[in-house]
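Chemist: Structure incoming, see below.
The values are calculated or read from the model by the stated rules, or taken from the named source; none is laboratory data. As the structure is a prediction and not an experimental result, all values here were calculated from the model. Here Cβ is always computed from backbone atoms with ideal geometry, including for glycine, and neighbour counts include all displayed protein chains.
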Ligand code: GUN
Ligand code: FE
């Protein structure tokens, strides 16, 4: 048994009543054993959090760890050019080592900025090495290899045969789903409708039901993307997904910028989860998702940074701030307040992954996934009479995260990462991308 006692903190619980409690939080093994004032508990480790703020670890529902090495390699392009000219050739050039360090670089950034759970879409090949990085780092993840068995201008290493794509996905699932007491889960990741045959998508539908695992894909991110789908199937993108039975409560759709009313209705009625990626949607010039109307009809909306080459950070503080402020010019200043956005970043993400009984809030019995913030600095002051959630969403930055705990383990303490060796990962990231760029010259189409 191992135990941690966090003392004298301001605890932002995000429980049903969204209570903020002043006191202690006691962790036994991987779970929160108790929260309350003056807990008189012996613990292996005591953290004095006087003047600090404890929040649930952030849950990012759309991330590509395999793309972290491509940060800065693909600026200032729209989605389809970005994929064809830059991202697909780069992904095609990955090897086992570059996948591993790409994941470690991303996870280092995520843990350092308070994210403890990700929904991660890898590339076609070498996903085993991303799982190894996830396993070693202690981050919670629903991850899977991307599936793409269709499309033009796709480099040979990313062109999949349908049956092999499915078999490789199932093999990874069999190996990694439920690893470390459920800290790692598998999610099927068909890239987007444009990259997948109907046969593949229908197989994914059946496998997701059979194994009871999530399906994580991109949808209706970009105007040209939905035109391609309409031209091929004579239907809007989400209508098409529904027509083949994929639209259900296990489906996570990243982006959803271009939805009509019928598609929003499908999302609501089928319990589909939307991962809103405001930073990526702005940088790829995709548009602004109509999140206020999705929330008005009580659809499930959570947040994700997407990948490093379309953001260019994996920082939930950025995404929360953007999610709030981009809606205001059109929908008015109260459209997305700090509370709404913070809910999306925490308990909203937990609902997206079907783990609202386990993570997303700080409550007795839940997994101990949390971040300790130090909000005692110029950019977050004065604090007198200011709502804590407002301070976190509108003023705080990732540098204010002092300590991160995932699954009851201290993953960063006083800004020092425990499971990711920063010096090695930064050095190897540069070496890896340098080698990968050399391989880029020999990519075959
Ligand atoms: N659509 C299909 N693939 C991708 C990807 O890798 N990133 C984003 N943002 N959108 C996509
Ligand atoms: Fe993406």
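Chemist: Tally the residues that are surrounded by fewer than 23 Cβ atoms within 10 Å (Cβ to Cβ) and within 16 Å of ligand 1 (Cβ to nearest atom), restricting the search to region 288-310.
Modeler: 1
Chemist: Right, next: Scan region 306-315 and tell me whether some residue there is more than 16 Å from ligand 2 (Cβ to nearest atom) and either more than 16 Å from the chain's Cα centre (by Cα) or on the phi > 0 side of the Ramachandran plot (or both). Quick ask: steps written out before the conclusion?
Modeler: Narrowing region 306-315 to residues more than 16 Å from ligand 2 (Cβ to nearest atom): none.
No, region 306-315 contains no residue that is more than 16 Å from ligand 2 (Cβ to nearest atom) and either more than 16 Å from the chain's Cα centre (by Cα) or on the phi > 0 side of the Ramachandran plot (or both).
Chemist: Here is a further query. Scan region 161-172 and report the pairs whose first residue is more than 16 Å from residue 215 (Cα to Cα) and whose second residue is surrounded by fewer than 17 Cβ atoms within 10 Å (Cβ to Cβ) and at pLDDT 95 or above, with Cβ atoms within less than 9 Å and a gap of 6+ or a chain change.
Modeler: 162/199
Chemist: Continuing with the same structure: Which ones in region 259-298 are out of contact with any strand residue (DSSP E or B) (no Cβ under 6 Å at 6 or more places or on another chain), in a loop (DSSP other than H, G, I, E, B) and more than 16 Å from ligand 2 (Cβ to nearest atom)?
Modeler: Within region 259-298, 259, 260, 271, 288, 290, 297, 298 qualify.
Chemist: To continue, here is another question. Take residues that are touching a strand residue (DSSP E or B) at 6+ places or on another chain (Cβ under 8 Å) and within 16 Å of ligand 1 (Cβ to nearest atom) and tell me which of the strands (runs of 3 or more DSSP E) falling wholly in region 117-228 contain 3 or more.
Modeler: 184-190, 214-219
Chemist: Taking the condition within 16 Å of ligand 1 (Cβ to nearest atom) and part of a loop (DSSP other than H, G, I, E, B), does residue 318 pass?
Modeler: No; evaluated as a whole, the condition is false for this residue.
Chemist: Do we find a residue being more than 16 Å from residue 305 (Cα to Cα) and crowded, with 24+ Cβ neighbours inside 10 Å anywhere in region 107-122?
Modeler: No, every residue in region 107-122 fails to be more than 16 Å from residue 305 (Cα to Cα) and crowded, with 24+ Cβ neighbours inside 10 Å.
Chemist: Which condition does residue 34 not pass, out of (1) within 16 Å of ligand 2 (Cβ to nearest atom); (2) within 27 Å of residue 355 (Cα to Cα), if it passes all the others?
Modeler: Condition (1) is where residue 34 drops out.
Chemist: Can I ask one more? Given the conditions (1) within 12 Å of ligand 1 (Cβ to nearest atom); (2) farther than 17 Å from residue 259 by Cα; (3) touching a residue at least 60 places away in the same chain (Cβ under 8 Å), report the number of the one that residue 339 does not fulfil.
Modeler: (1)
Chemist: Tally up the residues in region 266-287 that are surrounded by 21 or more Cβ atoms within 10 Å (Cβ to Cβ), more than 12 Å from the chain's Cα centre (by Cα) and within 16 Å of ligand 1 (Cβ to nearest atom), please. Write out each step before concluding.
Modeler: Pass one, region 266-287, residues surrounded by 21 or more Cβ atoms within 10 Å (Cβ to Cβ): 267, 272-281, 284, 286.
Okay, now just the ones that are also more than 12 Å from the chain's Cα centre (by Cα), so 267, 272-273, 278-281, 284, 286.
If we keep only those that are within 16 Å of ligand 1 (Cβ to nearest atom) as well, we get 278-281, 284, 286.
So the answer is 6.
Chemist: Quick check: is even one residue across region 55-69 in contact (Cβ under 8 Å) with a residue 60 or more places away in the chain, under 30 Å from residue 440 (Cα atoms) and in a loop (DSSP other than H, G, I, E, B)?
Modeler: The answer is yes; a qualifying residue exists.
Chemist: Just the residues that are outside any loop (DSSP other than H, G, I, E, B) and either crowded, with 22+ Cβ neighbours inside 10 Å or within 10 Å of ligand 1 (Cβ to nearest atom) (or both), please, taken from region 70-85.
Modeler: Hits for region 70-85 are 70, 79, 80, 82, 83.
Chemist: Quick check on residue 351: is it out of contact with any helix residue (DSSP H, G or I) (no Cβ under 8 Å at 6 or more places or on another chain), part of a helix (DSSP H, G or I), more than 16 Å from ligand 1 (Cβ to nearest atom) and modelled with pLDDT of 95 or more?
Modeler: Against the criterion (out of contact with any helix residue (DSSP H, G or I) (no Cβ under 8 Å at 6 or more places or on another chain), part of a helix (DSSP H, G or I), more than 16 Å from ligand 1 (Cβ to nearest atom) and modelled with pLDDT of 95 or more), residue 351 qualifies.
Chemist: Ok, one more. So which residues in region 399-427 are crowded, with 18+ Cβ neighbours inside 10 Å and under 21 Å from residue 70 (Cα atoms)?
Modeler: Across region 399-427, the qualifying residues are 420, 425.
Chemist: Looking at region 50-93, which of its residues are within 13 Å of ligand 2 (Cβ to nearest atom) and more than 14 Å from residue 309 (Cα to Cα)?
Modeler: Result: 60, 61.
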